[in-house]
1. Without any contact (Cβ under 8 Å) to a residue 40 or more places away in the chain, acidic (Asp, Glu) and out of contact with any Leu (no Cβ under 8 Å at 6 or more places or on another chain): which single residue out of Glu27, Glu105 fits that description?
2. In segment 73-90, what residues are part of a helix (DSSP H, G or I), within 17 Å of Asp50 (Cβ to Cβ) and either of a type in the set (Ser, Thr, Tyr) or without any contact (Cβ under 8 Å) to a residue 12 or more places away in the chain (or both)?
3. Quick one: Leu73 ticks every box in (1) within 20 Å of Gly213 (Cα to Cα); (2) more than 15 Å from the ligand (Cβ to nearest atom); (3) surrounded by 14 or more Cβ atoms within 10 Å (Cβ to Cβ) except a single one, so which number is it?
4. Which condition does Ser218 not pass, out of (1) away from the ligand (no atom under 12 Å from the Cβ); (2) over 16 Å from Leu274 (Cα atoms), if it passes all the others?
5. Considering Leu236, Leu246, which residue is buried (at least 16 other Cβ atoms within 10 Å of the Cβ), in a helix (DSSP H, G or I), touching a helix residue (DSSP H, G or I) at 6+ places or on another chain (Cβ under 6 Å) and at pLDDT 95 or above?
6. Looking only at residues in segment 162-190 that are touching a Gly at 6+ places or on another chain (Cβ under 9 Å) and in a strand (DSSP E or B), which one is nearest to Thr55 (Cα to Cα)?
7. Under 6 Å by Cβ, and 6 or more places apart or on different chains, what pairs join a residue from segment 216-232 that is more than 25 Å from Phe264 (Cα to Cα) with one that is assigned to a loop (DSSP other than H, G, I, E, B)?
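The values are calculated or read from the model by the stated rules, or taken from the named source; none is laboratory data. Quantities reported herein were computed from a predicted structural model and do not represent experimental measurements. Note that each Cβ is placed from the backbone with ideal geometry, even for glycine, and that neighbours are counted across all protein chains shown. In case anyone asks, the SASA skips ligands and DNA or RNA and just uses the protein heavy atoms, side chains included. Shrake-Rupley method; radii C 1.70, N 1.55, O 1.52, S 1.80 Å.
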Amino acid sequence: MDGTPQTGIRYPWPEPPAPGETIEVAEGVLWMRLPLPMKLDHVNVYALDDGDGWTLVDTGFSSKKTRAIWQGLIDGPLAGKPVRRVLVTHHHPDHIGNAGWFQSEFGAELVTTRTSWLFARMLTLDVQEVWPEETLDFYRSAGMASEILETRMAQRPFNFADMVYPMPLGFTRIKQGSQIRIGGRDWEVHTGNGHAPEHATLWSKDGDLVLTGDQILSSISPNIGVYPTEPMADPLAEWLESCERLSGLAQPGHLALGGHKLPFTGLPFRMRQLVDNHHSALDRLKDHLDVPKPASDCFLPLFKRKIGEGEYGLALVEAVAHLNHLYHIGEVERDRRADGAWLYQCKG
Ligand SMILES: [Zn+2]
């Protein structure tokens, strides 16, 4: 067991803050929750006390409802002190959704990585009224069931602009190794990949706190997905590399403050567990690919449970991520089926 962390995971707060309320998880660090209209029904956000104002970490989906909750928090537990900065961990809509609102309505400074800003602004401006052919090709190549594809095509395409408030020009860049003072603490920025490119995590120099975003989560595995923007990507390799690198910083006593689920301690143990879970999933997937199969037929070995309609999209992009990884490391080969789906099979 050399080097294997022995300490398990602890949740200092078994219950999340009620809607519109806060929990002080460390001096000057407030934890709040915002609702999400999906199976994962919440996102965690944080407010760090800078004395004369607040720095918020992540912002929730853009909606009138979410902004009303924010306004209630600002008027209530945040005591009307100005929101001066918004730090966004990564470009996903549940994290960056209201950043533009804080910039344009409150004059807040947006602090994030360059890739997060470019991705979010590009996708927000790229409004699609009909499904792009590349997206449909991508779904077909993943073996999406035709009835699911037809149902999707009858609906408005997924658009960032529907969930992200317009983002004005301008942001402040953080990158790997950046030092930043927030909420009376000095933090070091370490970027990860795999869940989202150039995802920021912040490690307090006093050794107490880590703002992990969705790079590392407590009781669910961060979604690792391949998207039509980069169909041959290998985000799993990038995520595994990030885990190995960030593990070197993790201490059992760190309080990890993530984007979903509960804050926890036992970060080294959790990171090892997350990595091991993916390796086990890859092993099960290889056994499953004794005969050629499309990504859409790989849910059971990967997730060990039936996937419902509400999770189908995320499951599919995650299945492609695992298959792309096996393909890039030379463990599987693939052939096109007549309908365009890639069929993967283990070599030898
Ligand atoms: Zn995310």
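1. Glu105
2. Ile74
3. (1)
4. Against the list (1) away from the ligand (no atom under 12 Å from the Cβ); (2) over 16 Å from Leu274 (Cα atoms), Ser218 comes up short only on (2).
5. Leu236
6. Top of the filtered list is Arg185.
7. Val226/Ala233
The rows are residues; the columns are (1) open to solvent by less than 20 Å² (accessible area, probe 1.4 Å); (2) modelled with pLDDT under 95; (3) touching a Ser or Thr at 6+ places or on another chain (Cβ under 9 Å).
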{"position": "Leu289", "(1), (2), (3)": "yes, no, no"}
{"position": "Pro294", "(1), (2), (3)": "yes, no, yes"}
{"position": "Leu302", "(1), (2), (3)": "yes, no, no"}
{"position": "Leu314", "(1), (2), (3)": "no, yes, no"}
{"position": "Val317", "(1), (2), (3)": "yes, no, no"}
{"position": "Leu326", "(1), (2), (3)": "yes, no, no"}
{"position": "Gly330", "(1), (2), (3)": "no, no, no"}
{"position": "Asp335", "(1), (2), (3)": "no, no, no"}
{"position": "Gly348", "(1), (2), (3)": "no, yes, no"}
